[in-house]
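These notes are about the structure you will find just below.
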Amino acid sequence: MLAVTPSHELKAQAAALQSKAEKHSRWGLILANAGEVDLASEHFSRAETEEHTASMLYHAAHTVEEIERERTTRAA
């Protein structure tokens, strides 16, 4: 059986990725304003990827919360 990562850990991972995405977005704006279009594009791309991954982790955390609730209900 696969081990399930607790929902709070998934949420923490998602929050960390969201923070990284925001930093990449800010750097993308800074670089774009400085005329560094290629570097800005890289940062925007990283931000988009990290935002997508964070969204998936939040979704997984919600699913795991439901599983945790069901297990608690069954155990009671």
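The values are calculated or read from the model by the stated rules, or taken from the named source; none is laboratory data. All figures in this text were calculated on a predicted structure; none of them were measured in a lab. Because the Cβ atoms are built from the backbone with ideal geometry, glycine has one as well, and the counts that use them run over all protein chains shown.
For region 47-57, the condition holds for no residue, the condition being that it is part of a helix (DSSP H, G or I) and touching a residue at least 60 places away in the same chain (Cβ under 8 Å). The residues of region 27-76 that are more than 30 Å from Glu9 (Cα to Cα) and either surrounded by fewer than 13 Cβ atoms within 10 Å (Cβ to Cβ) or among the hydrophobic types (A, V, I, L, M, F, W, C) (or both), listed by number, are Leu29, Ile30, Leu31, Ala32, Asn33, Ala34, Gly35, Val37, Asp38, Leu39, Ala40.
Return the total of residues in region 16-26 being among the aliphatic types (A, V, I, L, M) and surrounded by fewer than 14 Cβ atoms within 10 Å (Cβ to Cβ). If you could, list the steps in order and put the result at the bottom.
Taking region 16-26 and keeping what is among the aliphatic types (A, V, I, L, M), we get 16-17, 21.
With surrounded by fewer than 14 Cβ atoms within 10 Å (Cβ to Cβ) added as a condition, the list becomes 16.
The qualifying residues number 1.
Taking the criterion of being modelled with pLDDT under 95 and either touching a strand residue (DSSP E or B) at 6+ places or on another chain (Cβ under 8 Å) or not in a helix (DSSP H, G or I) (or both), the residues of region 3-38 that qualify are Ala3, Val4, Thr5, Pro6.
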